[in-house]
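Dropping the structure in here first, questions after.
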Amino acid sequence: MAENSPIIPISAHHEANLDILLAAIEKYIPTPERDRTKPPLMYIARSFDINKPGEPIEKIKGGIIGGSLMQGVLKEGDEIEILPGLGSKAQPERYREPIRTRVTTIISGGKEYREVHPGGLLGVGTTLDPAITKSDNLAGKIMGLPGTLPEVRTRFLMETHLLERVVGTEEEMKVQEIKTSEMLMLSIGTMITVGVVKSARKDQVEIALRLPVCPIPGEKVAIGRRIGNKWRLIGYGNIID
């Protein structure tokens, strides 16, 4: 697969050929077009508490969420919501209740900005209780303006595209068809969840999820199957309903 790939010698320390590397990346993996006219939408990859133990209450800062802005423009002072909410097995209905907060700071590349456009990683300061954001508690969720996010889903229909061979095994293994009642690991945006196949057809499967997600229509899903004691990549899917 890689026999025709370009080989570009570089030195980051001496800043040699970095421009050529970037040009090659743009040629073979072009930067996708991002629509700034749409409402802002961000995958949350991290969340954390930046306050030190024993910090005086008047100096405590709100929780931080980190990720990539996929579309739109995010501004300091924006009111935002996060989905799915903070539900549980005992209260699964709360997953559909958004977490509401406000943007207080935006940091990217070590610099603070009043507004940001898609591209790169962001750290977004909020008015959230830091206890909510600590230890990546919000990782896997999505953030946007109130009323603009996709609906929370606990099941969906997916068109599947399986690989010829399982990725990551020492021996070559052919990928078998997905079967009804099989358990799969799904990566959707920054969320990783496990789902059970409720119905399997030739190229489509209906999945019931253990943790709810907010998938963007048409979004690609990485599919993993448990082989031995590890999850292995076997293909991808497109959410169609």
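Here, each number is a calculation from the coordinates, and none is a lab measurement. On a predicted model such as this, the values are computed, not experimentally measured, just so you know. All Cβ positions, glycine included, derive from the backbone under ideal geometry; neighbour counts span all protein chains shown.
What whole number of Å gives the distance from the Cα centroid of region 1-74 to the Cα centroid of region 195-211?
Region 195-211 and region 1-74 have Cα centres spaced 32 Å from each other.
When the chain is fully extended, how far beyond the present Cα-Cα distance does Ile29 get from Ile7, taking 0.36 nm per residue of separation?
Length gained, Ile29 through Ile7: 6.4 nm.
Follow-up question, since we're still on this one. Looking only at Ala24, Ala208, Ala200, which one moves most when the chain is put into a Gaussian network model with springs between Cα atoms under 10 Å?
Maximum fluctuation in the GNM of the chain, among the listed residues, is at Ala24.
First select every other residue whose beta carbon is under 11 angstrom from the beta carbon of Ile106; then total the charges, Lys and Arg +1, Asp and Glu -1.
-1
Which entries in Lys27/Lys230; Lys52/Lys220; Lys111/Lys230; Lys89/Lys220 show an alpha-carbon gap greater than 29 Å?
Result: Lys27/Lys230; Lys52/Lys220; Lys111/Lys230 exceed 29 Å.
Using only the Cα atoms of region 1-101, what are the Rg and Dmax in Å?
21.1, 60
Using the eigenvalues of the Cα gyration tensor, what equivalent ellipsoid semi-axes result for the chain when each is taken as the square root of five times the eigenvalue, whole Å, largest first?
Ellipsoid half-lengths, sorted descending, are 33, 28, 17 Å.
Given axes a ≥ b ≥ c from the Cα gyration tensor, I'd like to know whether region 41-144 is rounded (a/c under 1.5), prolate (a/b larger than b/c) or oblate.
oblate
For region 157-241, what is the convex hull (Cα atoms) projected area averaged across all directions, in square nanometres?
5.3
If packing is taken as the average number of other Cβ atoms within 10 Å across a peptide's residues, how do 84-92, 38-46 rank, most packed first?
Ranking the peptides 84-92, 38-46 by packing returns 38-46, 84-92.
Label points 7 Å out from Cα along the Cβ direction at Arg102 and Asp203: separation in nm?
5.0
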